[in-house]
Amino acid sequence: MEIALIVEWLIKAVLMIAILIVGFAYTTYMERKTLARMQVRYGPNRAGPFGLLQPVADGVKLIFKEELIPAKADKFIFILAPMLTVIPALVMLAVVPFGGTVNLFGQEISLSIAGDINVGVLYITAIASISVYGIVLAGWASNNKYAMMGGIRSSAQMVSYELALGLAFIGPILLSSSMSLEEIVQTQGRNIWFIILQPLGMIIFFLAAMAEINRSPFDMPEAEQELTAGYHTEYSGMKFALFMMTEYIKVIVISVLFATFFLGGYLGPFVDQAPWLGPLYLFIKTFILMFIIIWIRATMPRIRYDRLMALGWKVLLPLALLNVFLTGFLVILFPNLIQ
């Protein structure tokens, strides 16, 4: 039985990594097509029908592109940094429930990789904080002033917004009385989506998550007008591709987490009768959120760095503390509000 369980975990883990890698490739395609339509252009339309093979062409190009390492760079850390960035993004979804339990080949299979872990939120916050090391080390190891400045900006930005992001998790935790993501989803199924009960927490989570993954308008660590390309200025070929992979995989991860914490996760009509609908509902919610993130990139200009820091420390952090206080007050005042 133990061997069967290990095999199940391995299959689910490999499947999840494959889905994220393919998802990253076609998220780039989705972004380019969406931005093109918003700017009255066609976007990719040469490689394959409707340009669907463009991500494959980009991947082949990057694989065969020359790998350059600056002569004065710290070679070991220079190579290690992209791996430190991409691995946390790949393993963050291990505790997210993608559905209930299905019967497959006479076995009850849980539609999550690690199952129902009672400290799932803690796992996510711990893993999310690791990727900053990869970006900082990439900037430092490059021995380049622009790259170093991008790395310093990234570390300051991530530390600033992780505080607000961590506090945004507390609202759903208090309402569900659990750090298990499965319990958070089920609580929303028994009552109402937390986007209704936690509108302030939802806004804080979304803004802080956008800053955490360096997406526009918070993409200061790679501001091309100021820093050439920021922390990955000296990277080329597949090392550069790993940084891009991290950014787009995190777009998927943040969308999945937002749907799980505030939009009822995999729950939807008839999901109890047909558990396979769970992943479909989660995919639809994730896709809509990814479209909104791309839409924001097309709409919002990049904000100034001092305004970025001020937003994190002077606006989002006090609002996040206020949200925790109000949520705790309501939970104590109306203990039967959430069952």
* Matching residues in segment 1-43 - criterion: being of a type in the set (Gly, Ala, Ser), farther than 17 Å from Phe287 by Cα and assigned to a helix (DSSP H, G or I) -> Ala4, Ala13, Ala18, Ala36
* Kindly indicate the residue of segment 138-171 that is in a helix (DSSP H, G or I) and among the hydroxyl-bearing types (Ser, Thr, Tyr) and also surrounded by the fewest Cβ atoms within 10 Å (Cβ to Cβ) among those meeting that condition. => Ser155
* Going by the conditions given, is Thr34 under 18 Å from the mean Cα position of the chain (by Cα) and open to solvent by less than 30 Å² (accessible area, probe 1.4 Å)? -> no
* **Close pairs (6 angstrom Cβ cut-off, 6 or more residues apart or separate chains): under 22 Å from Leu257 (Cα atoms) in segment 288-316, modelled with pLDDT under 85 and outside any helix (DSSP H, G or I) anywhere** => Arg297/Ser216
* Asked: Going through segment 44-89 one residue at a time, which ones are part of a loop (DSSP other than H, G, I, E, B) and either touching a Pro at 6+ places or on another chain (Cβ under 8 Å) or open to solvent by less than 40 Å² (accessible area, probe 1.4 Å) (or both)?
  -> Pro44, Ala47, Gly48, Pro70, Ala73
* Asked: In this structure, is Phe270 surrounded by fewer than 21 Cβ atoms within 10 Å (Cβ to Cβ), in contact with a helix residue (DSSP H, G or I) (Cβ under 8 Å, 6 or more places away or on another chain) and closer than 22 Å to Phe218 by Cα?
  -> no
* Just one of Phe329, Phe325, Phe270 is part of a loop (DSSP other than H, G, I, E, B), out of contact with any Lys or Arg (no Cβ under 7 Å at 6 or more places or on another chain) and farther than 29 Å from Tyr29 by Cα; which is it? -> Phe270
* **Single condition Ala73 does not satisfy, out of (1) under 23 Å from the mean Cα position of the chain (by Cα); (2) under 28 Å from Trp140 (Cα atoms)** => (1)
* **Flag if Leu174 is of a type in the set (A, V, I, L, M), open to solvent by 50 Å² or more (accessible area, probe 1.4 Å) and modelled with pLDDT of 90 or more** => yes
* Asked: If you check Val185 against the conditions, is it in a helix (DSSP H, G or I), open to solvent by less than 30 Å² (accessible area, probe 1.4 Å), without any contact (Cβ under 8 Å) to a residue 40 or more places away in the chain and not small (Gly, Ala, Ser)?
  -> no
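The values are calculated or read from the model by the stated rules, or taken from the named source; none is laboratory data. Model, not experiment: these values are computed from the prediction. Positions of Cβ are backbone-derived with ideal geometry, glycine not excepted, and every protein chain shown enters the neighbour counts. The accessibility values were calculated without ligands, DNA or RNA, using every heavy atom of the protein model including side chains. Shrake-Rupley method; radii C 1.70, N 1.55, O 1.52, S 1.80 Å.
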